[in-house]
Amino acid sequence: MNIGQEVLEELKNEITEVEYNRYIKHLTYDIKKSTSDHAIFYAPNALVVNWIKNKYKEKLTHLFEVKTGNKVTVTITLKNIKERTKTKKVVENKQTSSLLNPSYLFDNFMVGGSNQFAYAAVKSVSEKPGIVYNPVFIYGGVGLGKTHLMQAAGNLLQNAGKVVIYATVEQFLNDFIRHVKNKTMERFQEKYRKCDVLLIDDIQFLSNKEGIQEEFFHTFEALKGAGKQIILTADKHPKKIGGLEARLQSRFEWGLVADIQPPELETKIAIIKKKCEINKVKLSDEIVNYIATVIESNVREIEGILSKLHAYSQLMHVEIDLEFTKNVLKDQLKENHQNLTMETITNIVAKDLNIKPSEIKSKGRSKNIVYARRVSIYICRELTQSTMPQLAQYFGMKDHTAISHTIKKINNLIEKDEDFKVKIDELMHKISSCS
Ligand code: ADP
Ligand code: MG
């Protein structure tokens, strides 16, 4: 038994049999690619990948550490079927580049008004690399498909026989440091300056890192000079990334700069439907519409929700109906707001109701203070992971029963009074968008 299998066996003792059979059983350990500080597991589909990353990755990391005494990075990824069937030489070649996610393809990238310009730009350079626009610079918020799009070009070109390198700025930097330490800089330069296509993700992290900017500049010049395609992404326009050398900033704008905006409702719906189709999850139109409306923009969240819905329904043997979806989404909202503190919530509620935050936490019994306190408690319970005793302590209440009393009262009000419900929804929305 190899170390990967041993760790999975250990995990088996810590989780239920159903969980094990449903998910962990399907993992395979890559004994060839894994090293003493990096364990690679393959899962059969994206949902299982997501689910295992969220639920078990920490446990797996811990188990490796216990077993080997090393800090081990655990990677859960999809098996690249094409790569498996390539000849040995090509596989060796591939190992020098980062793994592309084989499921990031143009075919499953849904195009709408929000992303059609970026899509067209990346598509055209993947058909004529190094010729039309160089570099292509895609920018936009988190989870809007930048990495997906750039890797779609990478996958297409790699399958056409090109040597494609994908790296985040962080990986590029780590690689650089490693080669400096090992005195193998020629190998580093060989790797990055001799590829056909270079994909560098999250360029904003170059900001204020002079050494690596210098190295990247020379890489850029070498590739551009040789007519090799470069695709870059960032969370903002090159002009807005501070701490960048002027010569880099201007080069980023040499080719084509395209933005990705948050998806419109129809695009969101199309994305959800596509993800359901790929992952064989059946959802009614009503549920698809509900998810699309509730999730504002980040597509990654949509995937998180689908994998949760799927996993929960399998574990609990229930159909995915609207009620069930709403419950799962509630959990997701809490996770999204992990940084949201009771203090922030109290401050926003206080401001909205025109009283002082300290009054909410005081023992004041006047009507509007009691009201503000109840609303704050309710929202803290909904949007944070705080327990009843924590809430009681924070709001200076006697104990957790006082809190549950308050929450019951608010729930009753919400049920009876439509105006109140709208008011609470608005407040929660306002607070959610602050985190
Ligand atoms: P970013 O790099 O912009 O943060 P990602 O490319 O990682 O975002 O996208 C997050 C997730 O959302 C990915 O799983 C991706 O497949 C999915 N996604 C984003 N936009 C789309 C789209 N237009 N069509 C299909 N999937 C999308
Ligand atoms: Mg990304």
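Positive end of the dipole of the chain (Cβ unit charges, origin at the Cα centre): among Tyr133, His38, Val349, the Cα lying farthest that way belongs to His38. Computed over protein heavy atoms with a 1.4 Å probe, the accessible surface of the chain works out to 52 Å² per residue. Note on region 283-329: Rg/Rh from C-alpha atoms, Kirkwood Rh, equals 0.94. Summed over qualifying helices (DSSP H, 4 residues or more, each -39500 (n - 2.57)) and divided by its residue number, the chain shows a 222 nm mean residue ellipticity of -18500 deg cm²/dmol. By accessible area, using a 1.4 Å probe on protein heavy atoms only, the chain has 50% of its surface on carbon and sulfur. Relative to the Cα centre, the charge distribution of region 167-304, modelled as +1 at Lys and Arg Cβ and -1 at Asp and Glu Cβ, gives a dipole magnitude of about 500 debye. Here region 342-432 yields Rg over Rh of 0.92, to two decimals, using C-alpha coordinates and the Kirkwood radius. For Glu10, the shell of other residues with beta-carbons less than 13 Å away shows a net charge of -1, using +1 for Lys and Arg and -1 for Asp and Glu. Cross-link pairs exceeding 19 Å between alpha carbons, from the set Lys25/Lys55; Lys32/Lys53; Lys330/Lys361; Lys57/Lys308; Lys191/Lys224: Lys32/Lys53; Lys330/Lys361. Relative intensity of region 178-227 on a log10 scale, I(q)/I(0) at q = 0.16, 0.19 Å⁻¹, equals -0.50, -0.70, per a Debye sum over C-alpha point scatterers of equal strength in the absence of solvent. Over all other residues within a Cβ to Cβ distance under 13 Å of Lys274, the charged ones net out to 0, with Lys and Arg as +1 and Asp and Glu as -1. Basic side chains Lys and Arg get +1 at the Cβ, acidic Asp and Glu get -1 at the Cβ, and with that the dipole of the chain about its Cα centre reaches some 540 debye.
When Leu60, Leu283 are compared by accessible area at a 1.4 angstrom probe, the order from most to least is Leu283, Leu60. A simple packing score, the average count of other Cβ atoms within 10 Å per residue, orders the peptides 197-206, 167-176, 351-360 as 197-206, 167-176, 351-360, with the highest score first. To make sure I understand the rule: partners must be aspartates and glutamates, Cα under 18 Å from the Cα of Lys363, and not fewer than 8 residues away in the same chain. Which ones qualify? Answer for Lys363, where 18 Å is the Cα cut-off: Glu343, Asp399, listed by chain and number. With a 1.4 Å probe rolled over the protein heavy atoms of all chains, the accessible area of Thr147, Thr219 falls in the order Thr147, Thr219, largest first. Computed with the Debye formula from one identical point scatterer per Cα of the chain, without solvent, the log10 of I(q)/I(0) at q = 0.07, 0.11, 0.13, 0.14 Å⁻¹ comes to -0.45, -1.03, -1.27, -1.36.
Going toward the positive end of the dipole of region 228-377, with +1 on Lys and Arg Cβ and -1 on Asp and Glu Cβ, which of Gln332, Thr293, Ile230 do you reach last? Among Gln332, Thr293, Ile230, the one farthest towards the positive end of the dipole of region 228-377 is Gln332.
Computed as a quarter of the hull surface, the mean projected area of the alpha carbon convex hull for region 241-340 stands at 9.2 nm². Please report, to one decimal in angstroms, the Kirkwood hydrodynamic radius of region 260-405 built from all distinct Cα-Cα pairs. Computed over region 260-405, the radius equals 17.4 Å. Label-to-label distance for Asp37 and Asp352 is 4.8 nm, based on points extended 7 Å past Cα in the beta-carbon direction. For region 410-416, 3J(HN,Hα) computed residue by residue from phi via the Karplus equation (6.51, -1.76, 1.60; θ = phi - 60°) reads 5, 4, 4, 4, 4, 5, 7 Hz, glycine and proline entered as x. Gln314 sits among other residues whose Cβ lies under 14 Å from its own Cβ, and their net charge, with Lys and Arg +1 and Asp and Glu -1, is +3. Please go through region 175-284 and write out the GluC sites (Glu not before Pro) that DSSP classes as loop and that have at most 15 other C-beta atoms within 10 Å. Passing sites in region 175-284 are Glu245, Glu253, Glu264.
The values are calculated or read from the model by the stated rules, or taken from the named source; none is laboratory data. All figures in this text were calculated on a predicted structure; none of them were measured in a lab. Positions of Cβ are backbone-derived with ideal geometry, glycine not excepted, and every protein chain shown enters the neighbour counts. Heavy atoms of the whole protein, side chains included, go into the accessibility calculation; ligands, DNA and RNA do not. Shrake-Rupley method; radii C 1.70, N 1.55, O 1.52, S 1.80 Å.
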